[in-house]
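Here is the structure we will look at.
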Amino acid sequence: MKIYSLLILSIFISCSSLYAQGNSLDVVKTNAGLISGSVNADGNVHIFKGIPFAAPPVGDLRWKEPQPVKPWEGIKKCNAFSASPMQGKPNEFGVYTREFLIPYEPISEDCLYLNVWTNATSSAEKKAVLVYIYGGGFGSGGAAVPIYDGEATAKKGVVFVVINYRVGIFGFYSHPELTKESGHNASGNYGLMDQLAALKWVKQNIKNFGGDPDNVTIAGQSAGSMSVNCLVASPLGKGLFQKAIAESGASFIAGPFGGTTLQKAEDDGVKVAKSLGANSIAEMRSKPAAELVNKSQSRPIIDGYVLPAAIAQIFADNKENHVPLLTGWNEDDAFVGKLKNAEDYKKEVAGQYGDKAPVFLKHFPAGTDAEAERSQININRDQIFGIQNYTWANVQSTKGKAKVYLYRFTRRLPATADFVKYGAFHTGEVAYAYNNLKFLNRPWEPVDQELATTISTYWANFAKTGNPNGKGLPVWPAYNTSDNQVMILGEKPAAQSLPDKAALDFMVNQMSGK
């Protein structure tokens, strides 16, 4: 009897050991094979870098929908970032120092990889998942940018995933031959299809990292936010995510990054091919990648497949994916050149707006040169970003099918004399949202650390529940078009009525041709 008991105990211990091994995150099973990663310095976050989610889009796969990964044998080490997508050299400019840019190398067409940070201790957990999509005007960017590090978010109990997608001509190139060969009578949105392929990978594999495949939030900033807008609008995104975070970017009203028609994109693609001496797509695919960089304008395309219609029309037809939304923009979300003095600014406004100039100047005044400069920054901010996210919030909140939480980031980042003029600049909020101030060489003050804790907790709470509110946080009311409550994310976060609603409404009407 004693021997029998010992035998049972031995079997139990062995099974328990095998179960623990099977649920451990030291080695994780994906649909293409086993992978290993690394652990952070504290030993409480598993990190996996450079996980392939699609086949390398090179050779004959250039300008094709992403294809499945070829399975591998053994355990694949995923402890280093993959190459960033093919693009020009990442030179610093303006306020954008190295922390905002991809590494100098490697840069390659072979770029369809993603990274995962998780503090789950086993695959049996079901933590909320946040999938981050970077910005860069659809022509640059990558998942290895320092401020996209996911460790701090993982420590808040959210599995953090950041993905690569093709940019520039490699991600958004249309041509009649490509449309014909696609099988969808469409071409051009390869970057968006990469994002969808990564989300499908998450759906199939994230449970093995302790994540819940049915509690996924897509998040992005700038072109990444515009991508989120596209994915919410796309029928191909159905079921792949349950919430959306959109920081400074959408495509509801005609603008520099609004979608173009397939016909226009194909015509442009033919011109590009001719300029390169290529008479066919086969010849374009044979061109070295370096010869193609910066040869085509990059933007999403109303292709009839990924985007069946313009985003505004998809929402008007009630065909979007109805998911809770957290969205907003920054106080100094602007890209302006030399600013005009008050006199020259008023002359330009008079010439452009005619009898509407007095109303325009009421919203964007020019009593002094300093006031005129501020107005020009605000105009640029609102035209490119403000009215897009504002319109999205209005459209969604009016429908009442999914809640909206609207913010304005106003913290003027502390900086040296060279950078202080940029204020609450475009992308400035990202390091706060993911609690990554440590990656920026700035003279941070205690208020910045407190703000980063607050914002990153809002973001994590929203990823978990669809509501940013939580214990110890200033109350963030859901947005509606009656009281227009917006959370001001500044030195003292607080909700208030949208301060420049009248100016935004005026700009929306002007940009919409009303």
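Our estimate of slack between PHE439 and THR465, defined as 0.36 nm per intervening residue step minus the Cα-Cα distance, is 6.5 nm. Descending by average beta-carbon neighbour count within 10 Å, the peptides 242-251, 331-340 line up as 242-251, 331-340, the highest first.
Principal axis extents of the Cα atoms in the stretch 286-330, from largest to smallest and rounded to whole angstrom, are 42, 32, 14. Listed by chain and number, the lysines whose alpha-carbon sits under 20 Å from that of LYS207, ignoring those within fewer than 8 places in the same chain, are LYS29, LYS49, LYS76, LYS77, LYS126, LYS127, LYS155, LYS156, LYS238, LYS243, LYS464. For the chain, the longest principal axis of the alpha carbon atoms and the long axis of helix 262-275 meet at an angle near 90°. Shape verdict for the stretch 60-150, please, from the Cα gyration tensor: rounded (a/c under 1.5), prolate (a/b greater than b/c) or oblate. It comes out oblate by the Cα gyration axes.
Across the stretch 324-514, Cα pairs under 8 Å and at least six residues apart give a relative contact order of 25 percent. Protection proxy ranking of 406-419, 105-118, by the mean of other Cβ atoms within 10 Å over each peptide's residues and highest first, is 105-118, 406-419.
Extension gain for the segment VAL58 to ALA309, taken as residue separation times 0.36 nm less the Cα-Cα distance, is 87.4 nm to one decimal. Taking a ≥ b ≥ c as the square roots of the eigenvalues of the Cα gyration tensor, the stretch 172-252 is oblate, since a/c reaches 1.5 or more and a/b is not larger than b/c.
Extension gain GLU73-THR368, at 0.36 nm per residue separation less the Cα-Cα distance, in nm? Could the numbers behind the result be given before it?
Numbers: separation 295, 0.36 × 295 = 106.20 nm, distance 6.90 nm.
Full extension from GLU73 to THR368 adds 99.3 nm.
For the chain, what does the relative contact order come out to in percent, with C-alpha contacts under 8 Å and a separation of six or more? Reported as a whole number, the value is 13 percent.
Starting from the Cα gyration tensor of the stretch 324-514, take the square roots of the eigenvalues, sort them a ≥ b ≥ c, and report rounded, prolate or oblate (rounded when a/c is under 1.5, otherwise prolate if a/b is larger than b/c, else oblate).
Numbers: a/c = 2.60, a/b = 1.31, b/c = 1.99.
Because a/c hits 1.5 or more and a/b fails to exceed b/c, the stretch 324-514 counts as oblate.
In order along the stretch 161-166, the Karplus-derived 3J(HN,Hα) couplings, from 6.51 cos²θ - 1.76 cosθ + 1.60 at θ = phi - 60°, round to 10, 10, 10, 8, 8, 5 Hz, and Gly and Pro are given as x. With all projection directions averaged, the alpha carbon convex hull of the stretch 300-417 covers 10.5 nm². When the alpha carbon gyration tensor of the stretch 94-239 is reduced to an equivalent ellipsoid, its three semi-axes come out at 26, 20, 12 angstrom, largest first. Residue ranges 377-387, 357-367 sort as 377-387, 357-367 when ordered by packing (mean number of other C-beta atoms within 10 Å per residue, highest first). Any idea what angle helix 223-233 forms with the longest principal axis of the chain, computed on alpha-carbon atoms, 0 to 90 degrees, nearest 10? Approximately 80 degrees, to the nearest ten.
Can you pull the semi-axes for the chain, root of five times each eigenvalue of the Cα gyration tensor, sorted largest first, whole Å?
On the way: eigenvalues 315, 175, 90 Å².
Each semi-axis is the square root of five times an eigenvalue, giving 40, 30, 21 Å.
Cross-link partners among aspartates and glutamates for LYS471, C-alpha distance below 16 Å, same-chain residues fewer than 8 apart left out? Once the sequence-local aspartates and glutamates are set aside, what remains near LYS471 is GLU450. For ILE133, the residues 5 or more places off, or on other chains, whose built amide H falls under 5 Å of its own are ALA219, GLY220, GLN221. Put in line by how crowded their Cβ is, counting other Cβ atoms within 10 Å and starting with the fewest, LYS287, LYS464 read LYS287, LYS464.
At R0 = 22 Å, how high is the FRET efficiency between ASP26 and LYS126 if r is their beta carbon distance? Nearest 0.05 is fine. The partial results should precede the final answer.
Values: r = 20 Å, r/R0 = 0.89.
Taking R0 as 22 Å, the efficiency between ASP26 and LYS126 is 0.65.
Only DSSP H runs of four or more residues enter the estimate; each adds -39500 (n - 2.57), and after division by the residues of the chain the mean residue ellipticity at 222 nm equals -10000 deg cm²/dmol. Straight-line reach from LYS338: which lysines have a Cα under 25 Å away, not including same-chain ones fewer than 8 places off? LYS338 reaches LYS346, LYS347, LYS356, LYS362, LYS421. Relative to the longest principal axis of the Cα atoms of the chain, the long axis of helix 446-465 lies at roughly 70 degrees. Beta bridges per DSSP, both residues in the chain: antiparallel share near 35 percent.
Read-outs throughout are calculated quantities, based only on the coordinates presented, and are distinct from any laboratory measurement. Bear in mind the structure is a predicted one, so any value in this text is a computation, not a measurement. Neighbour counts are summed over all protein chains in view; Cβ atoms, including those assigned to glycine, are modelled from backbone coordinates with ideal geometry.
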